[in-house]
Amino acid sequence: MSRLLIIDDDPDVRYSLERLFSGDGWEMAFAASGEEGIDAAVKRAPDAVLLDVRLGAGMDGLEVLRGLRREHPHLPVVMMTAHGTTQTAIEAMREGAFDYLVKPFDAERMREVIASALRASRAMRGKVSYPPLSRKEEHDESIVGKTRAMQEVYKRIGQVSGSDAPVMITGETGTGKELVARAIVQHGVRAKKPFLAINCAAIPEGLIESELFGHERGAFTGAVERRIGKFEQCRGGTIFLDEIGDMPLATQAKLLRVLQEGELTRIGGRETVRAEVRILAATHADLEKAVAEKRFRQDLYYRLNVVRIHLPPLRERLEDLPLLVEDFLARRAREEGRPLKTVSREAFKRLAAHAWPGNVRELQNVIERATVACPTEIISAGDLQFGAPRRSSRCASLAIISAGDLQFGAPSAADGSSRAEAGSALDAALNALFLEASRDPKLKLIAFAERALVTRALARCGGNQARAARLLGMTRATLRKRIERYGIQRSVQVI
Ligand SMILES: Nc1ncnc2c1ncn2[C@@H]1O[C@H](COP(=O)(O)OP(=O)(O)OP(=O)(O)O)[C@@H](O)[C@H]1O
Ligand SMILES: [Mg+2]
């Protein structure tokens, strides 16, 4: 069960959050002051923290955040703020806060942010080991493989862990690129510093620059607040840019500046910000081809490609198949507390004959499905089902981008039972909107809200217009008109 720690001096807030999360299977812990919260973070080892910016007497939210970051660098902390303290919450992002939420809370958005914080903490918590480590060492995941190509990978991980050089990790889908990135970080000098993974392919083109570099208030229509980008948020740590081949050219130019000069400016800002971040990048695409076709900057390619780690496809290292199968079976047995299963000779032959387009991820899925399907301890050929592998990292990154700085969200009211809850969330959202309008008399409320809805729906649907139109209840033609009207793809947007 995942543990959530709530630090807030207001008993009403603690009570309503307890009610909100109690049905979601969380184990909750509460603290009424910063000092108590810091203590509880040690004693209760939470997976995520919700922290109020203003805490009455004693330590304030920012101080608590700094303390938590120092002692638990991979523990995601989400700040809670009232309208008067939003600036502090935004600044807290520079201190490494995971995100912030503005009161009155939107239940759906709060769940979304917490779920995404939890995924982020899980991604770094599991210790990844690889053969050069002693077998006795505690680990949750290992990079498995003994072939020459894999030995080369281990050697490279060892070499680059100790340095700060950028690393390019290449290989087909499911070959373990993310696993290698995590191993590099965990065995390196920045192991105790923040780590953020960003999937460039999952963020709509118009949003990525703001997501990475941040923006100033008023940088474009809809930029109602300053936004701190991931590079600032991850100061001192490591950023993993997954699917870097999908990064738009304009963003590539900014990234190059970070690599060359170690600095950046937020969109619409003049202030230069130091970017003390190590960059790891990964792609399954052919970057050389992208360079030749001018879709990827050559200078950036050379900068990133100083050290390259290439992961071989599974079909080229079938000698590792027995080891991998054994590892996945052992992991299942451990997780479920059941006896270890084995694979029959026939089943193994079928595994060895498969082409594995989804590589190790596909193998892992096949083995997991087979252990569920097979009632005995020996998995036979008939228990094996080959199918399309699922990509999990995509959802994680979508969740990261939806953690934007728009303070309201459209509640989902898909079924009657959730309508009441959706109604109250809608109320909260409308209140936030009216508040915004009262602060800015020039704001055209309907257009502002519509634009935000369209932007957010597009982000939710990974930029897929057909799905976004369905979600919004409009035709694709209308959606296209709105995109055009609000310049949504062409300028940088906030969600
Ligand atoms: N050598 C390996 N040993 C053990 N598990 C592995 C290995 N390689 C990959 N895996 C497992 O396979 C799954 C996919 O790995 P990962 O997410 O690192 O792939 P990827 O190369 O980033 O794929 P994509 O390009 O689709 O993002 C993960 O669950 C990972 O733990
Ligand atoms: Mg990946």
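In this structure, Leu241 does not qualify as closer than 27 Å to Val180 by Cα, part of a helix (DSSP H, G or I) and aliphatic (A, V, I, L, M). For the range 149-170, the set of residues classified as part of a helix (DSSP H, G or I) and of a type in the set (Asp, Glu) consists of Glu152 only.
In the list Leu241, Leu249, which residue meets the criterion of being of a type in the set (A, V, I, L, M) and either touching a helix residue (DSSP H, G or I) at 6+ places or on another chain (Cβ under 8 Å) or within 16 Å of ligand 1 (Cβ to nearest atom) (or both)?
Leu241
For the range 144-162, indicate whether the set of residues that are away from ligand 1 (no atom under 16 Å from the Cβ), surrounded by fewer than 18 Cβ atoms within 10 Å (Cβ to Cβ) and closer than 28 Å to Ala457 by Cα is non-empty.
no
Looking only at residues of the range 198-214 that are at pLDDT below 90 and not in a helix (DSSP H, G or I), we find that the one that is farthest from Phe98 (Cα to Cα) is Pro204. Among residues of the range 466-479 that are within 19 Å of Ala449 (Cβ to Cβ), those with a beta-carbon under 7 Å from a residue that is at pLDDT below 85 at least six positions away or on a different chain give the pairs Ala468/Ala457; Ala468/Leu458; Ala468/Cys461; Leu471/Ala457; Leu471/Arg460; Leu471/Cys461; Leu472/Ala457. Pairs linking a residue in the range 78-105 that is outside the structural domain of Asp12 (by TED's automatic domain parsing) and assigned to a strand (DSSP E or B) to a residue that is of a type in the set (Val, Ile, Thr) and surrounded by fewer than 22 Cβ atoms within 10 Å (Cβ to Cβ), with Cβ atoms under 9 Å and 6 or more positions apart or on different chains, do not occur.
Considering the conditions (1) more than 16 Å from ligand 2 (Cβ to nearest atom); (2) at pLDDT below 90; (3) polar (S, T, N, Q), Thr342 is excluded by exactly one of them, (2).
Each row is one residue, and each column tells you yes or no for (1) touching a residue at least 40 places away in the same chain (Cβ under 8 Å); (2) within 24 Å of Ser161 (Cα to Cα).
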{"residue": "Ala201", "(1), (2)": "yes, no"}
{"residue": "Glu225", "(1), (2)": "yes, no"}
{"residue": "Gly245", "(1), (2)": "yes, yes"}
{"residue": "Glu263", "(1), (2)": "no, yes"}
{"residue": "Val277", "(1), (2)": "yes, yes"}
{"residue": "Glu288", "(1), (2)": "no, no"}
{"residue": "Lys294", "(1), (2)": "no, no"}
{"residue": "Gln298", "(1), (2)": "no, no"}
{"residue": "Leu304", "(1), (2)": "yes, yes"}
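If you go through the range 163-178 and keep only what is near ligand 1 (Cβ under 7 Å from one of its atoms) and more than 15 Å from Ala149 (Cβ to Cβ), you end up with Thr173, Gly174, Glu178.
The values are calculated or read from the model by the stated rules, or taken from the named source; none is laboratory data. As the structure is a prediction and not an experimental result, all values here were calculated from the model. All Cβ positions, even for glycine, are placed from backbone atoms using ideal geometry, and neighbour counts span all protein chains on display.
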